[in-house]
Amino acid sequence: MSVRALWIISHEKGENVSIRFSRRFSTVEHRAKCLAGPSHVAVPEESTVLQLLLTELGLSDSDKSYVALRDDCLHRQRSPALELHVDGPGKGILWPVLAISQGPLILACLCLVDAPPEPRPPLANLLSVSQGLTLLAGLQNFLLGSGNKPDSEALASRLATLPSVLLQVCPLGTPLDVPLLGPPATPTVPTPAGNQKQPAWKTGLHRGRAVVNVALKETVRSMQYGSQSRQDLWDVYGTCEVEGVLPNVTVTLTLPPNGSPLQDILVHPCVTSLDSSILTASSVDNSDGSAFSGPYKFPFSPPLEPFRLCSYTSQVPVPPILGSYELREEENQLRVSVNLKLHESVKNSFEFCEAHLPFFNRDQMGAVDVKVSSGQLDVSKENNLLVWTLGQKFPKSREVTLEGRITFSGPTPGPTDPLCTELTAYIKPENFNPKSTLYGIQQDRCVVLVERRQSFCVQDAAWVQTFSCRLVQEDVPLCGPSYKFQPLDPFCVWSSDYRPK
Amino acid sequence: MAVNWADRVSAFSRSPSRFLSGTTAEAFLAELLRELRDDRASDSVKVLLVSPLCEHPTLLCPSDSEGEETALELMSVFAQCPAKSVQLRCHLLLALASVLVCSSCVSVRSPASRDFLDLLLQVSQDTGDLHGDGALLSLRATACDCLRELEACSPGLLSQHLELFGGLRQRESSRFHQAYAGLHSLVLRNAVYQLTQETGAGAEQLKALLGGNTSVAWEADQDSGPTNNTDSTVLSSLILGPMGTVPSLQTGPDCKELRSILSSLLEESYLLTPLCQAALLHRLTEVVAMVPGVPPAIFRAQLLRLLGTSKVCLLHTTLLMKCAFTDSLFSAEDEAFIVKRLVALSQHPLLTDPEKLFYMDCILHFPENRPIGCGDGDETLPVLLTPRLAAALLPTVFNDSATMLARLNLLSLVYLEEGEEGEGGEGRGLAYLYEHLMSLLRIVESGGSRETVVAFFRASFLFLWHFYHMECYTSSLVEKLCELYLRHSQLAPHLIGLADHTQDRLCESNWAEGLLKALQRVITDVPLAQLTSQDLRSHLKTLARVAEEGKIAQRSTLHFLSSIIAPSSSLCVSGDWRLGNSVLAVCRRLLVHPSLDSLLVPLADILQHLACRYGDTDVQDHARLYYALLTTLSQEKLAGVLAQGATEGGRQVKKRSLSSIVADSEGLTSMLTIHQTERAIFSVVEMNPELRRDTQADKESDLNQSEAGECPDEASAALEAYRSQFDDPDFASEITLSYQLAHAQDPDPRFDQLFSIRLHFSLTDDHYEALSDISVPCLFRERPPPAVQLRLKPRRPHPTTLRASAIFTTQDGLSWHTVLPAIRVAFQQAFMPLPAPPAWRRGGKLNLFEGLWDELCSESGECAASLFCCQLKEAALIGLVEKHFLPYLISDWSRKEEFKVLFFLPPQSHVLLKIRSEEDAVHFDVATDNWQLLSHISSYLLTITSSQEDTHS
C-alpha cells in the first residue's frame, strides 16, 4: 500500500546520470522491517541505488558490449518490477523496484511488500505495485508535461516544487493522489452545496464561464505488406479529451451508421457510472457480431484541468490510404516505384502531408532520378532520405505515384537499420492529418449534457486524426507468418506486391 | 554565521554515512533543532531542516530516549509556529510522526507519543477554519495522514476513536473528506482484525466497537502498555491468494452497523482519488473477508466503474477482490470478461509499457474462481485464456524488449498447454514463436543494437526453458546460433552465458552440451587464415568453456591450439599477454578434463611450446607451471589441485577476473602449499614386543631348519670364516626396527584418513648413518595400523633419539606437514644375533664364541672384559635368559649351568656373556671388542636383572 523510497534520475542516453530528487519514507521503512523480519534489506545510499538501478535497466557501462550482471540471459527483464542486488554489508535483494523511463527522466520507487517475504509473493498480490505505478506515472506527467522534452529550466523548477507537491500527494509514503499539472490551485472553501461532497480531485472552484471543450483524436495504424502470405492490417484508436469546469456533465458519443463499435474502452476515474454494455466489446475477441454500438454515455464530474475522458480502439473497414511500394535492384541502381491511393471516404484536405522514404544499409545516395505525379520531392543525400511533399490535398484522382532510379555511390555509408536489410524498406506518411474523423465517432454525434441547466457552450471541439504509416518492401525479417490477430505496432507498415525471387 | 542549509541538508541525504563521518549525529541534530527554534530563519529553510528528521530519524535519534526528547522539542517548535506557517507546521507533524514511530516511542506508548496523539486528534477535529483560506484544511489533512500512519505502524492504536473518525468523515464536505475516509477505513480494518484475535468475540463486541462504547476491558488493554507487536501478520495484507488464510469474526448474519458503515464508505468511494479509492477498497475487502456475516455482494455496485477505469490501481483492486471472494462476488461470465479485459489492456495502445507489463503479470497470477494449482507463486495461466485470445499478445519485432519477452513467456505457456492437450492445429503457435526467434536472430545478424542482442539471448533462453524437449526446434536453434557466432564472434560471452544457464536450469536437457559441441566444431573447422584477433579471443573463450564439458572430446580443440601457436603463426612472436592467457585458460581446463590420458602428449607439447617460445614471460611461467603439474602429478591430484579453485570461485568470479589465471592461482596456492598441523596427528610407536619376538623367532627357526652343510671345527678357522664375511661392507651392517603408525588420541575428523604419508627422520647425533624417507600409502583411524620398518645403519651402536616428521595428504586434497614425537632407539634395540654363515650349526657358533672370547680377553686396545653380579634365583635366571637372551644364545638351552650369549652390534661390535650361577650370586662375565659399550651393557644388565628380581621376589 505504500512506497519505501522514491528516486528521480536524469540522464542523457545513459550519460551524465544524476539523482535529481530522492525521498525515503522512514515510517514505511519501519513497517517493512517489521514485516520482513530478519530478511529485511535496508535501502542503501543514493549512489549505490543509482548504480544498481542503471545496471538493472541496462544503462550502465554503455562502452562495454557484455557485462554479466547487466546482460545475463536469466535476467527477468519482462517483469515490471526490478530486483536490485545489494552487495556488501546489508547484502540482499531489494524488490520490487518499479522504474519508468521517459525521455531524460527515470522515476523509480521501492514498494512495500505487505505479505510474508518467503516465498516471494506474486506482484499481482501487492497493491503497492499498482499504486506505485500510478504515482510514478503521475509524477512523470507532472515533471515532463505532455511533451517528452521540457527545457531543463522548467524541469528544474518543477523538481524544486516536489517537496511541497509530495506533502500533498504522498506525505508519508502512502500515495494519495497524483500531482496536478497546472499551478497548484489554492485550496478554497467550497460553496455550500447541500450535503453534496466535493470530489477529492477538485482542488478548488472555477469562477468563470461555464465551458466544455471536447477534442476527439483518432489514430489509424496500418501495416500493408502487399504480400499473398501476409494479411494487411489496420486498426484505429482514439481518445476523447475534455476540459470542463461544470459540476456534473454527461458526454454521449454516437457511432455513424454501420460504424464499428468502440472497443477496449477505458474511462477516466471521474466517470461516476458505466453501463456494462459499454465495456463488453473487446479487440481481442470478435466473436459476437451483435456488439453494442452506442450511444456511449459518460456521466462525470470533471477535474479542473483538461483530462482524457475516455480512450478506445476500433476496427476499420478500409485503410485511409492504400499503397504499393516496389523496389528492384538493377545493376548499380535501385528502381523505385510507389503508388498511394486515398480512400474515397477520407476528406481530401490535410494540414500538410508528406511521405518519407528512407534507405538504409547502403552507401550515400548519388544520382537521384525520380519523378512524382503530384507534389514535389526533396532529397536529403546525407540521410539517404526522400521526402515527398504532397501538400494539402491529393489530386482529383486521389492517386499519386513516384517512380525513378537511385544510385548509391556516395563516398560514405549512409544510416543503418537492422530491420531494413537488402530490399526491405518502408514508406511512411508524416503529418497526414485529415481535418475530419473518418472512423469511430462523428463530429455531429457527440452530445454534451449538463445537469441543472447551467448555461454552457461547447467550444472549439477539435477533431484530429493522426495517421502514421510505414511501408515495408520485403517480408523477410519482420513478424513471422501472418496470424489472425497479429498485433499492430506503433507504425503502420505498407508493402508492395513485389516478391523477391 | 550564514550556513548554507540547502547544501548541508542535501549532502546529508545524499550520503548520511559520509556526512556523519565529519560530524556526529548528535551534533547535527542539535544544530537542526537550534536552527528550528531560531526566529530569524525563514519558513522555507525550516521546512528544509525538518527533512533529515523525516527521512533518517533512526540515524539522528538512535535510541527511544533521544526520539522522545527530539519529539518534545519539535512539539514545542510546532506550538510556537504562527498559524499562517501551514507548510512548516505540516512538515513538523510529518517529522514528529517519523521520529516517534521509528524510535519505537509509539509502540511503547511513551509520554511524548501520547502528547502527539492528543495534538493530532485535536488538529483533526478543529473545524473552525475562520480564515476561510483553507489553510487549516490542509493541516487537518496532514494530521489525518499522520494518524493513519501511526495506526498503520501500530495497529489498534486508534481503535477506541473509531466512531469519532466515522463522524468526522461524514461531516466533512470539502475534498479532504478522503483523508478521513482513509483513516476511518484503516482503523476499522485493524479493529476488526483485533477482534478476530480475541477468543469469543462476536457480534456484541463488534457492535460495541462500532458504537464507540469501547468496554472498560478495552481501555485497560490500551493502557496496560504496548500491544503485542512482535507478530507482524496484522501489518500484512490479508489477501494472499488461495494459500492465504484470513482470520474470521463470527457475527451471524446480523451486523447492521458494520454494513451501514461499509455501504456509506462505498457509496462515496467514487469521490476519492484513484489512489485513495484503491487503498480504501482494499481495506474494506479485508474487512468483509474477515466478517463472513457481510456478503461480498456489497461491492457489486462498484465493480463496473472499477473495471472500466484507465487507472491501473483501481482495476488491480477488483482483482484483489476477486482473489478474496472468488465466486461469491464474481460469476463465471465476470471471470471470462476480466480475463478478456486483461488481455486487451495488456496490448492497449494508450497504456504505458509498465502498465501493460503489470497486466501481463496479472494474467499469469490470475485469481481464478476455482484455481487448479496451489497458487504457490508460480506462473500459471487462467483456464479461460485460450490460444485464440492470447494470440493478441503474440510478440513482434517492433515490441520493446521487456514487452517482447513478457509476451514470449506468456505465449510459450499458452502453447505449452495447447501442445499437452494435443488439440488440432497443434504446433502452429510454437512454429510462430520459433519464427519470431529467428526474426530476432536475423536482426542481431544484421547488426542489431546491444539491447536487441541481449533481448534475443533472453528470448532464446525463455524459448529453451519452455520447449527444450522439442528436438526439432532446439537442434535447429543450435545450428542457427553457430552460424550467427561465425559471423559475430563477439557474441561469445552471450553464447557462453546461454549455455551456462541452460545447463544450470535445465538439468534434464543436454542442449547446452550440444551447442558447445557444435561451437567447437565450427571454430575448429574455420581456416586459420581467416581469423582476426577478435575472433581468436572469442574462440579461445568459447573453447575454454567447451573444455569444461567432460563429455565433449577435446582432440580438435588441441589441434586448434597447436595450430594457432605453431611457428608459422605470429601469435607466439607477438607475445600478446591476453591471448596467451586465453590459450592457457583452455589448457588449464583441459588439464582437468576426464579424457586427459588421451590428451596428455599433445597438451604437454602445447604447454612446452608456450613455455619455451611464447613472447611473454608471464605466460611462459604459467605454461611451465602447468607443464610441471601435468607431467608430475597424477590425474586425480591434478584434478584436485585445479578443480578446487574453480568450484570455490564459481563461474561469476571466473568471468570477472581479467584472465582466468588470476582466479586459478588463488586455488593453486591453497592446493600447492603444504599446511602445517598444529600438533602431532600421529606417532611412530614401537611395535608390540610380543609380535616382534614372534617374527624374530620365525626367522630363527628358518635358520635352524636350513642348518646344514659344513661348519668349521676349529675356533680359529671359525673366526677366520666368520671375519671373512665382513669383507663385504654391507654385511650385517643394518639393524631393522619394527614400528607402527598410530593416530594421536584427540580425534580430528579431518585427519581420520591420511594418504601418501612420507616419513622423514633426522639424527640428533652422529652414531648412525642418515636414514632414508619411508612412504606409507595410507593411515585410517578405523583400520589396523600400518607397520614401518626402520633400517638403521649404525656407525657406533649407541642408543640414540631420532627426530621424525611427515608430509601427508588428507581426503580434501590438501597437503600437510606434521612433526611427530621423537623416537628413542634403546641400546638393546641394536642387538643382533650372531651373523654366522647360515650353513653353520650350533657347534660352529660355539667354536666361534670360544675363539672370540679368548681373543677379546687376551687382546688389549678396544677390547675389554668385565664382570657383573647380581642376586638371582636359578629359576629367575632361567626366566631372564629365556625372556631376553634366547635369540642370542649360543650354548645349548639344555645346558643350564652356563649360558653363553653373544650380542652382535653392527657394524662390527660384539658383546659376549658367560652367565653362571655361583654360590653367592649370578655372575655375568662380559667380554667386548668395544670398551665404550661397557657402560651401556652394565646399565642394560642392571635394568633387566632388577626387573627380573621384582617379578620373582
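We did not get these values from a lab; they are worked out from the coordinates using the rules stated. No experiment lies behind these values; they were computed from the predicted model shown. Every residue, glycine as well, gets a Cβ built from its backbone with ideal geometry; the counts of neighbours run over all protein chains shown.
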Check your understanding: Once you average over the residues of B:103-111, how many Cβ atoms of partner chains fall within 10 Å of each Cβ?
Key -> 1
Practice item. On a C-alpha basis, how far is the centre of the range B:599-644 from the centre of the range A:342-359 in Å? Whole number, if you could? Key: 72 Å
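Using 1/(1 + (r/R0)^6) with R0 = 30 angstrom and r between the beta carbons of B:Val246 and B:Ser65, what's the FRET efficiency to the nearest 0.05?
Using R0 = 30 Å, I get an efficiency of 0.15.
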Exercise for review: Would you please give the residues with an amide H less than 5 Å from that of B:Val788, counting only those at least 5 places away or on a separate chain, with H modeled from the backbone geometry?
Suggested key: B:Tyr739, B:Gln740, B:Leu741
Revision key, fill the gap. Its Cα gyration tensor gives the protein assembly as shown an equivalent ellipsoid whose semi-axes in whole Å, largest first, are 89, 47, 28
Exercise for review: Using the Karplus curve 6.51 cos²θ - 1.76 cosθ + 1.60 with θ = phi - 60°, work out ³J(HN,Hα) for each residue of the range A:319-335 in order, rounded to whole Hz, and write x for Gly and Pro.
Suggested key: x, x, 10, 9, x, 9, 9, 10, 10, 9, 7, 10, 6, 9, 10, 10, 8
Exercise for review: Any chance you could list the semi-axes, whole Å, largest first, of the equivalent ellipsoid that the Cα gyration tensor gives for the range A:321-437, using √(5λ)?
Suggested key: 27, 14, 13
Exercise for review: Run the dipole for the range A:321-437 about the Cα centre, Lys and Arg Cβ at +1, Asp and Glu Cβ at -1, nothing else charged, and hand back the magnitude in debye, nearest 20.
Suggested key: 540 debye
**Study point:** Neighbourhood net charge (12 Å Cβ-Cβ; Lys/Arg +1, Asp/Glu -1) for B:Gly252
**Key:** 0
Check your understanding: Direction-averaged shadow area of the convex hull around the Cα atoms of the range B:577-622, nm²?
Key -> 2.9 nm²
Exercise for review: Using the 2.2 N^0.38 Å rule of thumb for compact globular proteins, work out how the range B:826-953 stacks up: its C-alpha Rg over that value, please.
Suggested key: 1.01
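Going by C-beta contacts inside 10 Å, put B:Lys637, B:Lys311, A:Lys197 in order with the fewest on the left.
Going from least to most buried by this count: B:Lys637, A:Lys197, B:Lys311.
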Exercise for review: May I ask for the equivalent-ellipsoid semi-axes of the range A:212-314, computed as the square root of five times each C-alpha gyration tensor eigenvalue and listed largest first in whole Å?
Suggested key: 29, 16, 10
Check your understanding: Where a Cα-Cα gap under 30 Å defines reach, which lysines qualify for B:Lys541, not counting those fewer than 8 residues away within the same chain?
Key -> A:Lys64, B:Lys480, B:Lys517, B:Lys551, B:Lys637, B:Lys654, B:Lys655
Review point. Other chains near B:165-175: what is the mean number of their Cβ atoms within 10 Å of each residue's Cβ?
Key: 3
Exercise for review: Count the DSSP beta bridges whose two residues both fall in the protein assembly as shown, then state the antiparallel fraction as a percent rounded to the nearest 5.
Suggested key: 90 percent
Check your understanding: Each label point is 7 Å from the Cα along the Cα-to-Cβ direction; what then is the distance between the points at B:Ser475 and B:Arg300, in nm?
Key -> 5.9 nm
Review point. For the charge dipole of the protein assembly as shown, defined by +1 on Lys and Arg C-beta atoms and -1 on Asp and Glu C-beta atoms about the Cα centroid, which residue among B:Ala83, A:Gly375, B:Ser110 has the Cα displaced farthest towards the positive pole?
Key: A:Gly375
Review point. Of the lysine pairs in the range A:321-437, how many meet both conditions: Cα atoms under 14 Å apart, and a spacing of 8 or more in sequence or different chains?
Key: 7
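In debye, nearest 20, what is the charge dipole magnitude of the range B:553-645 about its Cα centre with +1 on Lys and Arg Cβ and -1 on Asp and Glu Cβ, if you could check?
Value, rounded to 20: 120 debye.
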**Study point:** For B:6-17, mean number of other protein chain Cβ atoms within 10 Å
**Key:** 2
Check your understanding: Across the range B:445-455, in residue order, what do the Karplus-derived ³J(HN,Hα) couplings come to in whole Hz, using 6.51 cos²θ - 1.76 cosθ + 1.60 with θ = phi - 60° and x for Gly and Pro?
Key -> 5, 8, x, x, 5, 4, 4, 4, 4, 4, 4
Revision key, fill the gap. Checked the range A:2-173 with the C-alpha gyration tensor, a ≥ b ≥ c its square-rooted eigenvalues, rounded below a/c of 1.5, otherwise prolate if a/b is larger than b/c and oblate if not; verdict oblate
Exercise for review: Starting from the exponent 0.38 and prefactor 2.2 Å, build the expected Rg for the range B:553-645 from its residue count and divide its actual Cα Rg by it.
Suggested key: 1.00
Study note, to complete from the structure: Ranked on Cβ counts within 10 Å of their own Cβ, fewest leading, B:Arg37, B:Arg109 go B:Arg37, B:Arg109
Review point. Reachable lysines from B:Lys84, Cα under 18 Å, same-chain residues fewer than 8 places away excluded?
Key: B:Lys46
Review point. Could the peptides A:335-341, A:8-14 be put in order, highest first, of the mean number of other beta-carbon atoms found within 10 Å of their residues?
Key: A:335-341, A:8-14
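By counting other Cβ atoms within 10 Å of each Cβ, how are A:Leu69, A:Leu357 ranked from fewest to most?
Lowest to highest Cβ neighbour count: A:Leu69, A:Leu357.
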Review point. When the Karplus curve 6.51 cos²θ - 1.76 cosθ + 1.60 is applied with θ = phi - 60°, which whole-Hz ³J(HN,Hα) does each residue of the range B:388-401 get, with x for Gly and Pro?
Key: 4, 5, 5, 4, 5, 9, 4, x, 9, 6, 8, 5, 5, 5
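Express in % the proportion of alpha carbon pairs of chain B at distances exceeding 53 Å.
In whole percent, the share of Cα-Cα pairs in chain B beyond 53 Å is 55.
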Review point. Regarding the range B:252-379, what are the three Cα extents along the principal axes, ordered largest first, in Å?
Key: 45, 36, 24
Exercise for review: Indicate the gyration tensor shape class of the range B:13-134 (rounded, prolate or oblate), computed on the Cα atoms with a ≥ b ≥ c the square roots of the eigenvalues: a/c under 1.5 is rounded; otherwise a/b larger than b/c is prolate and the rest oblate.
Suggested key: oblate
